[in-house]
Structure formats: C-alpha cells, structure tokens
Amino acid sequence: GAVVSQHPSWVICKSGTSVKIECRSLDFQATTMFWYRQFPKQSLMLMATSNEGSKATYEQGVEKDKFLINHASLTLSTLTVTSAHPEDSSFYICSAAHSDTQYFGPGTRLTVL
Amino acid sequence: GQQVMQIPQYQHVQEGEDFTTYCNSSTTLSNIQWYKQRPGGHPVFLIQLVKSGEVKKQKRLTFQFGEAKKNSSLHITATQTTDVGTYFCAGPGAGTYKYIFGTGTRLKVLA
C-alpha cells in the first residue's frame with residue numbers, strides 16, 4: 001500500500017517551454033503533498049507544500065510564479081515549471097503524507113536544453 | 001532557519017565492515033525519520049523515532065534518537081553491497097507533515 005506515482009519519469013525540453021509533472025497517490029488520499037528538487041549528489045530541497053483545495057505554500061527562495069502547483073483532488077498534485085531554463089534541470093520528487101509518513105514518488109528527471 | 005546536518009558526507013567501507021552516520025539538528029525535534037535512497041532511485045522510508053533515547057533495530061540496522069532529541073544515528077552492522085545508497089535523516093519543519101531533510105551520507109560498499 002501507500003504508492004505514489006509520478007509522470008513523466010523523465011522529460012527533455014527546450015529552453016523557454018513549460019513542463020508539467022504529475023504526482024498521484026494511487027491507493028490513498030493525500031490532502032498534503034510535497035515537491036522537492038534534488039541536484040546531483042545533493043540532498044532533497046523542499047520547494048513547496050501542496051494542499052488540496054488551497055494555495056500551495058512555497059519555501060523561501062522558490063518562485064511561485066515559476067513553479068506553479070495545483071492540488072485539485074485528493075490524489076493528484078501537479079507541478080508546472082514555466083519558461084524552463086537550463087538551470088531548472090534537476091530531479092523533481094513529490095511525496096504524499098499518509099499516516100505520519102511521507103511516501104515518495106519515483107521522481108522526474110528534467111533536462112532543459 | 002532550521003538545519004539538519006549529517007556526517008560523514010561520504011563513506012566507503014569494505015563489505016562486512018560496520019558503518020555509522022550521524023544526524024544533528026539545530027533545533028529540538030519531536031521525532032526523526034530515516035530514509036534510504038538507492039542510486040538513481042527515490043527516498044524510501046526506513047523508520048521513525050519519537051522518544052528521547054529511543055533505540056530501534058531493523059535486522060542489521062540500529063537507529064538511535066539522542067536524549068536531547070537533537071541528534072540521531074544509524075548504524076549498520078556487517079555491511080553488504082545491497083546497503084549502497086544515500087541515507088537521509090529528516091526532522092519535522094514548521095507545518096503539518098513537513099520534513100526537512102539532512103544533508104545525507106553516501107555509502108559505498110566495496111566487495
């Protein structure tokens with residue numbers, strides 16, 4: 001139980017385009033999901049907390065207009081990287097809170113050319 | 001802001017040797033969680049410690065929460081190649097379910 005999926009698993013896009021990443025809790029409902037970014041050989045940096053039915057809470061230094069988060073249902077949160085640039089290339093991981101534990105999705109590797 | 005540091009950053013051990021990673025928080029924690037991330041994979045929850053001085057074991061892994069609830073450790077006895085990966089501790093941040101991840105310790109086991 002407690003499975004979280006992410007789609008796509010990897011994406012390559014041109015600079016200036018927008019990319020949407022989906023995070024789904026498959027067998028439980030999650031009112032709270034989290035979005036992390038992880039650069040190679042570094043730790044997970046929390047970007048924002050996604051709350052179902054309300055605005056996301058962004059961490060300091062994360063541009064909310066660049067990283068749009070929508071949590072429209074209890075099983076789906078989306079992260080849209082708008083006007084992506086090469087410095088946005090990273091591994092993006094979501095997690096969903098369930099029974100005091102976070103369950104992580106498999107991650108999405110974004111490469112911006 | 002809240003910081004969670006881990007040492008060492010990297011550790012290479014021969015298979016069969018023991019390994020320990022230490023986690024230190026700048027603030028007192030209500031609980032601490034440990035995760036393992038295999039190369040190319042995503043973090044997988046290992047355990048949560050809640051009580052001061054708590055010790056929990058999972059086969060060859062021993063987790064300890066400090067008396068002051070500001071530090072924790074993970075000890076692996078007789079490492080195996082399957083133990084390779086990065087081990088993260090994570091402490092609660094401000095906000096429900098929110099956790100701040102430690103800097104991680106990357107373990108390499110040499111056969």
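The values are calculated or read from the model by the stated rules, or taken from the named source; none is laboratory data. For clarity, every value in this text was computed on a predicted model and none was experimentally measured. Reconstructed Cβ throughout: ideal geometry from the backbone, glycine too, with neighbour counts over all protein chains shown. Heavy atoms of the whole protein, side chains included, go into the accessibility calculation; ligands, DNA and RNA do not. Shrake-Rupley method; radii C 1.70, N 1.55, O 1.52, S 1.80 Å.
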(request) Please report, to one decimal in angstroms, the Kirkwood hydrodynamic radius of chain A built from all distinct Cα-Cα pairs. (result) 13.8
(request) Skip the ligands, DNA and RNA, and give the accessible area per residue of the protein assembly as shown with a 1.4 Å probe, whole Å². (result) 49
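Fully extended, how many nm does the chain gain between B:I47 and B:Q9 (0.36 nm per residue separation, minus their Cα-Cα distance)?
Numbers: separation 38, 0.36 × 38 = 13.68 nm, distance 2.06 nm.
Residue separation times 0.36 nm, minus the Cα-Cα distance, leaves 11.6 nm.
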(request) Roll a 1.4 Å probe over the protein heavy atoms and report the accessible area of A:D100 in Å², nearest 10. (result) 90
(request) Select from the stretch B:15-50 those chymotrypsin sites (Phe, Trp or Tyr not before Pro) which occupy a DSSP coil region and have at most 15 other Cβ atoms within 10 Å, ordered by residue number. (result) none
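Please compute the average number of Cβ atoms from other chains found within 10 Å of each residue's Cβ in peptide B:25-37.
Working: counts 0, 0, 0, 0, 0, 0, 1, 0, 3, 0, 3, 0, 6.
Mean number of neighbouring Cβ atoms from other chains: 1.
Which entries of A:K55/B:K36; B:K36/B:K59; A:K41/B:K59; A:K20/A:K55; A:K41/B:K108 have Cα-Cα distances beyond 25 Å here?
Working: A:K55/B:K36 30 Å; B:K36/B:K59 15 Å; A:K41/B:K59 27 Å; A:K20/A:K55 17 Å; A:K41/B:K108 13 Å.
Cα-Cα > 25 Å for A:K55/B:K36; A:K41/B:K59; rest within.
What does the structure give for A:53-63 when I average, per residue, the other chain Cβ atoms found within 10 Å of the residue Cβ? Intermediate values should be presented prior to the final figure.
On the way: counts 0, 0, 0, 0, 3, 0, 4, 1, 0, 0, 0.
Partner Cβ neighbours, averaged per residue: 1.
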(message) With only alpha-carbon pairs counted, each pair once and no self-pairs, how large is the Kirkwood hydrodynamic radius of the protein assembly as shown in angstroms?
(response) 18.0
(message) Test of understanding: what is the full-extension gain from A:M45 to A:D100, defined as 0.36 nm times their sequence separation minus their Cα-Cα distance?
(response) 17.8 nm
(message) At 1.4 Å probe size, with the rest of the protein present, what percent of the exposed accessible area of chain B is carbon and sulfur atoms?
(response) 52
(message) Just checking the output field for A:103-112: average partner chain Cβ neighbours within 10 Å of each residue's Cβ?
(response) 2
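Given the C-alpha atoms of chain B, compute the convex hull and give its volume per residue in Å³. Intermediate values should be presented prior to the final figure.
Numbers: hull volume 10.2 nm³, N = 111.
Output value, Cα hull per residue: 92 Å³.
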(message) Probe radius 1.4 Å, ligands and nucleic acids left out: can you give me the accessible area buried at the B-A interface, summed over both chains, in Å² to the nearest hundred?
(response) 1500
(request) Mind listing the lone cysteines of chain A, meaning no other Cys beta-carbon sits under 4.7 Å from theirs? (result) A:C13
